[in-house]
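Down below is the structure, laid out as structure tokens.
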Amino acid sequence: MTNRIRSAPLLASLLAALLFGLAACASQSAPAVAPPVSTLPAATQAATAAPATAPSSTFANATPLAPASLAALPAQVTPQEAAALRNQGAFVLDVRQASEWVDGHVPGATLIPLDQLPARVGEVPRDRPVVVICRSGNRSAAGRDILLGAGFPAVTSVEGGIRAWESAGLPIKTGL
């Protein structure tokens, strides 16, 4: 009985984060947001300096530059910063639905829909930074909060989601 009482606040906060993410994604339009000032380490910022129109083969065949640090990450990163983290070995988690995934996703990403994430959190590695992405950035923020609440040390969300990733000219893979 005592364990149930102790875990109740954690379950309540996970459920609240999940419901917030689902409610936020109910709207069809993403709010206009000014680009954030980068808070990433200088080495990661330098890796994002490549032109956004680089051919997808540049990223598809990229070898990780160096192991990404498990230091805390900013709450949100730009698509270019997310690509740099991915190229440095970060785990990319897509929290959209499977029907959205097949239309286009980040190459090498793993799909765990947001509504399944609390039950499948054990599938996400704790020894690598995690970059969470969705369609527009709302569900990924909720997914990020679920992982941070579960004790993951380095988790961030892609501002603008897969829409911004694709608009930045970054590689997209379709199908399964």
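Which strands (runs of 3 or more DSSP E) sit wholly inside the range 63-168 and have at least 2 residues that are touching a Lys or Arg at 6+ places or on another chain (Cβ under 8 Å) and surrounded by fewer than 24 Cβ atoms within 10 Å (Cβ to Cβ)? Working first, answer last.
On the way: elements: 91-94, 130-133, 155-158.
Where strands (runs of 3 or more DSSP E) fall fully within the range 63-168 and carry at least 2 residues being touching a Lys or Arg at 6+ places or on another chain (Cβ under 8 Å) and surrounded by fewer than 24 Cβ atoms within 10 Å (Cβ to Cβ), they are 91-94.
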Original post:
Within the range 122-173, which residues are free of Cβ contacts under 8 Å to residues at least 60 places away in the same chain and on the phi > 0 side of the Ramachandran plot?
Top reply: Gly151
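Coordinate-derived values only; no laboratory data. All values reported here derive from a predicted model rather than from experimental measurement. For neighbour counting, all protein chains shown are included, and Cβ atoms are generated from backbone atoms with ideal geometry for every residue, glycine included.
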